[in-house]
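See structure below.
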Amino acid sequence: MDLRLCPAGTQAEVRWVDLEDDERARLREIGVREGAVVHVVHCGAFGARVIAVGSDRIAIDGRTCACIGVTPLKSALVPA
Amino acid sequence: MSCHEPAPGVAVAAGTPTIALVGNPNAGKSTLFNALTGARQTVMNAPGTTVELQTGAWRRSGERIAVVDLPGTYSLVPRSPDEQVAADFVAGRGDLGRPHLAVVVLDASALARSLYLLAQVRETGTPVVAAVTMLDVASTRAVEPDLDALADAAGVPVVALDPRSGAGMEALGVAVERQLEAHVCRCEGCTGSCACANHLDVPVSRDDEERFAWTERVLNAAVPSPPAVPVRSTSDRIDRVLLHPVLGVPVFLAIMWAVFELTTVVAAPLVGGIAGFFNGPLASWLHGVIPGPAWIAGLLVDGVLSGVGTVLSFVPLLALIFVAIGILEDSGYLARAAFVADRALRAIGLDGRAMVPLVIGFGCNVPAMAATRTMPDARRRLLTGLLVPLTSCPARLTVYVLVAGTFFPRYAGTVVFGLYVVSGLLVVLGGYLLRSTAFRDLRQTRALVLALPAYHVPRLKPLLISTWTRVLAFVRGAGGIIAGTLVVVWLLSAVPVTGGHQVADVPVHDSLYGRVADGIAPVLAPAGLDDWRIASALTTGFVAKEVVVGSLAQSFSIDAGDTAATAPTGALGDKLRATLDESSGGHATAAALAFLIFVLAYTPCLATVAEQRRVFGGRWAAGAVAVQLSVAWLLAVAVFQVGRLLT
């Protein structure tokens, strides 16, 4: 499945990123690369997502989320 | 690195050690820059680019250290002109020169991506000090990096820093001094063969996988036991509302509305007050006390003083907008605004950040031009800057009200609303056309990938320093052009070309300015506007749209201060109708629409052009003026020719 389909609270492993080379490279640089575990923190309009990569928060538009393949692991987010 | 290469491109005095602040966007780099340099700052464009750099002086132990605040970047593999400037400067490529030292700002709440950038900076061979910020934010997310382990693993000096409170600044100063001591050559007449060259680091080249491995190794050393699952922070809870798919949009619109109100309701009285003071009591008093012939007082008061007054009248407006943008930026909301508005602006090749300058543009084009700086990509910044003049500012409203009220008294409100709709359509159409021509590189819709900073309460002092620096840059950069052009306009209108008049005491049509209007009028004939009074008003409108109605009144010999006469139903409206009736061959309504469209589409005002030139350079500003005039003429002609067939 792609990231756009993940509800808030989902923990998922990134499996593939199907984007142009430079956009793919930018995602890799900020931590969204194959094998990385990300957590969906918020769902925005039109499929956009805010994900947690470690303690970082990254906002990604819906079109790009559709190009990121993930495998859901579990749903959890610890309250502060 | 060579210690013998100063940084000529950033105008640093020879022999002054130069440090560059490098970091991800929102890592706290600019806050650190403000804390280091105070008010000793200059805003400039990187040579040959429209990328803004801030340079300043940091005084340490009586010595001056030049500090360059580079654009925020995630990587030294550049993907925008701004990132290119940052990458070139750190690596010593291009015209910018090279820093003696890079202070890499590491965001503790996003340590992995910060370390990736650190890895790249180390590879350039430029000496490094790492400053770790946002430790408080990281702590709320249960991340407590061990900075000693980080320094050991990364092989660079590391200091903890909170630029907002000033904590850690002394430690940073000591670390920077030590590194400069080790790496900056102090020998006189150095040729590059001295012993200090032995201290220089050798650039190395690593591939991405090696860099990721290094990053992970250092991260594991610094944060050996990170939380398995992210902790929900206060920022996350706020974002549940501000980034909500439904609630996020009205909140965004409400904030944009507040900024718009700031440019109109709040700033307008201040702008009017300053302009009124310069053109009213001060001008009257100076007219009375300046000795000599009347033309000297006219030149000094109606030319020079009027120009200075115009420039200064923009100061409160710009200051308010810079403070507002600073608050949005500092608080962390600007990145969220880009996320929320992104979808709406994708159609014209811009990302969500363009919404802020475009909204401000409907309040005033001048601060909107300056507000483009919030966009991280120079090309998109330029594209937005070219679209801003198409947003209809309130100064044009005075013309709309007069003409719509005169020619469409029953539908005046609808006509004015229609003009705002046309303004929006012109922005969309302009964006589409520009992306199809000069901005083909922006045709591809790029991914929006934004690191969201934690929310902060903005700090007043850095906000005021930054506002002061930017307002000063406007006064210095755009002020001379505005004041100089107003003097030229005064001279043209003061010089008589027919007998029986004295200098500075001449009716408009008998002045050089009248002759210029006579020369322009035939160009407007295809739009049904072939009349010197219309041409004169439009020419004056190039300086400021607020004076178009006054210029028409003056040309028709009507007292501009007589509100009854200048109302749509007054003498001015009657004379305007008669004039357009004559100039259009009996199609006054079509000519009035053409006039309105021309006013909407052509150059908004001299101050906007001056600001456009300051931000984007003279070539783009001149090109923009030429295109705006051409587009306005073509639209006016089209509207008149079609309207003539229908009326």
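Computed from the coordinates by the stated procedures, all read-outs in this text should not be read as laboratory data. Note that this is a predicted model, so its numbers are computed, not measured. Don't worry about glycine lacking a Cβ; one is built from the backbone with ideal geometry, like all the others, and counts go over all protein chains shown.
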* Asked: Checking residue B:93 against (1) within 28 Å of residue B:378 (Cα to Cα); (2) touching a Ser or Thr at 6+ places or on another chain (Cβ under 7 Å); (3) away from chain A (no Cβ under 12 Å), which test does it fail?
  -> (2)
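With in a loop (DSSP other than H, G, I, E, B) and within 14 Å of another protein chain (Cβ to nearest Cβ) as the only criterion, which of B:125, B:72 stands out? Full working, then the answer.
Working: B:125 fails: within 14 Å of another protein chain (Cβ to nearest Cβ).
Residue meeting the stated conditions: B:72.
I need the full set of residues from the range B:615-633 which are surrounded by 17 or more Cβ atoms within 10 Å (Cβ to Cβ) and over 21 Å from the mean Cα position of the chain (by Cα), in order please. Show your work before the answer.
Step one: filter the range B:615-633 for residues surrounded by 17 or more Cβ atoms within 10 Å (Cβ to Cβ), giving B:615-616, B:620-621, B:624-625, B:627-629, B:631-633.
Selection gives B:629, B:631, B:632, B:633.
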* Asked: Within the set of pairs 6+ apart or on separate chains, which have a first residue in the range B:617-643 that is at negative phi, a second that is of a type in the set (Phe, Trp, Tyr) and buried (at least 19 other Cβ atoms within 10 Å of the Cβ), and C-beta atoms under 7 Å apart?
  -> B:628/B:602; B:629/B:602; B:632/B:598; B:632/B:602; B:636/B:598
* Asked: Is the range A:38-61 home to any residue that is touching a residue at least 24 places away in the same chain (Cβ under 8 Å), surrounded by fewer than 19 Cβ atoms within 10 Å (Cβ to Cβ) and either under 22 Å from residue B:226 (Cα atoms) or more than 8 Å from chain B (Cβ to nearest Cβ) (or both)?
  -> no
* To do: Confirm whether residue B:215 is out of contact with any helix residue (DSSP H, G or I) (no Cβ under 6 Å at 6 or more places or on another chain) and within 13 Å of chain A (Cβ to nearest Cβ).
  => no
* Failed item in (1) part of a loop (DSSP other than H, G, I, E, B); (2) of a type outside the set (A, V, I, L, M, F, W, C); (3) touching a residue at least 60 places away in the same chain (Cβ under 8 Å); (4) within 19 Å of residue B:32 (Cα to Cα), with residue B:173 passing the rest -> (1)
* Asked: Does residue B:453 satisfy the condition of being within 35 Å of the chain's Cα centre (by Cα), within 14 Å of chain A (Cβ to nearest Cβ), under 29 Å from residue B:379 (Cβ atoms) and not polar (S, T, N, Q)?
  -> yes
* To do: Please indicate, with yes or no, whether at least one residue in the range A:16-33 is more than 7 Å from chain B (Cβ to nearest Cβ), among the β-branched types (Val, Ile, Thr) and touching a helix residue (DSSP H, G or I) at 6+ places or on another chain (Cβ under 6 Å).
  => yes
* Asked: Which one of these does residue B:336 not meet: (1) part of a helix (DSSP H, G or I); (2) more than 27 Å from residue B:74 (Cβ to Cβ); (3) not aliphatic (A, V, I, L, M)?
  -> (2)
* Out of all the residues in the range B:389-396, is one or more away from chain A (no Cβ under 14 Å), buried (at least 24 other Cβ atoms within 10 Å of the Cβ), closer than 16 Å to residue B:434 by Cα and touching a residue at least 40 places away in the same chain (Cβ under 8 Å)? -> yes
* **Enumeration of residues in the range B:508-556 that are free of Cβ contacts under 8 Å to residues at least 40 places away in the same chain and outside any helix (DSSP H, G or I)** => B:511, B:556
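So that you can scan it fast, the table gives a plain yes or no per residue for (1) more than 16 Å from the chain's Cα centre (by Cα); (2) touching a residue at least 24 places away in the same chain (Cβ under 8 Å); (3) within 21 Å of residue B:263 (Cα to Cα); (4) away from every other protein chain (no Cβ under 14 Å):
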{"position": "B:305", "(1), (2), (3), (4)": "yes, yes, no, yes"}
{"position": "B:310", "(1), (2), (3), (4)": "yes, yes, yes, yes"}
{"position": "B:318", "(1), (2), (3), (4)": "no, yes, yes, yes"}
{"position": "B:321", "(1), (2), (3), (4)": "no, yes, yes, yes"}
{"position": "B:327", "(1), (2), (3), (4)": "no, yes, yes, yes"}
{"position": "B:331", "(1), (2), (3), (4)": "yes, yes, yes, yes"}
{"position": "B:339", "(1), (2), (3), (4)": "yes, yes, no, no"}
* Could you say whether any residue in the range B:352-363 is surrounded by 24 or more Cβ atoms within 10 Å (Cβ to Cβ), touching a residue at least 40 places away in the same chain (Cβ under 8 Å), within 14 Å of chain A (Cβ to nearest Cβ) and within 25 Å of residue B:49 (Cα to Cα)? -> yes
* **Residue ID - nearest to residue A:31 (Cα to Cα), chosen from residues in the range B:439-448 that are surrounded by fewer than 19 Cβ atoms within 10 Å (Cβ to Cβ) and not acidic (Asp, Glu)** => B:445
* Could you give every pair whose Cβ atoms fall below 9 Å, whose first residue belongs to the range B:206-227 and is in contact (Cβ under 8 Å) with a residue 24 or more places away in the chain and assigned to a loop (DSSP other than H, G, I, E, B), and whose second residue is surrounded by 13 or more Cβ atoms within 10 Å (Cβ to Cβ) and acidic (Asp, Glu), counting only separations of at least 6 or pairs across chains? -> B:206/B:123; B:223/B:144; B:223/B:146; B:224/B:146
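Look through B:109, B:114, B:80 and report the one residue that is within 14 Å of another protein chain (Cβ to nearest Cβ), surrounded by fewer than 22 Cβ atoms within 10 Å (Cβ to Cβ) and not aliphatic (A, V, I, L, M). Can you show your working first?
On the way: B:109 fails: surrounded by fewer than 22 Cβ atoms within 10 Å (Cβ to Cβ); B:114 fails: surrounded by fewer than 22 Cβ atoms within 10 Å (Cβ to Cβ).
One residue alone meets the criteria, B:80.
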* To do: Give the range B:419-441 a look and list any residue that's closer than 30 Å to residue B:26 by Cβ and either within 14 Å of chain A (Cβ to nearest Cβ) or over 22 Å from the mean Cα position of the chain (by Cα) (or both), or say none.
  => B:441
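Conditions tested, residue by residue: (1) surrounded by fewer than 21 Cβ atoms within 10 Å (Cβ to Cβ); (2) part of a helix (DSSP H, G or I); (3) in contact with a Cys (Cβ under 7 Å, 6 or more places away or on another chain); (4) not small (Gly, Ala, Ser).
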site	(1), (2), (3), (4)
B:249	yes, yes, no, yes
B:273	yes, yes, no, no
B:291	yes, no, no, yes
B:299	yes, yes, no, yes
B:317	no, yes, yes, yes
B:342	no, yes, no, yes
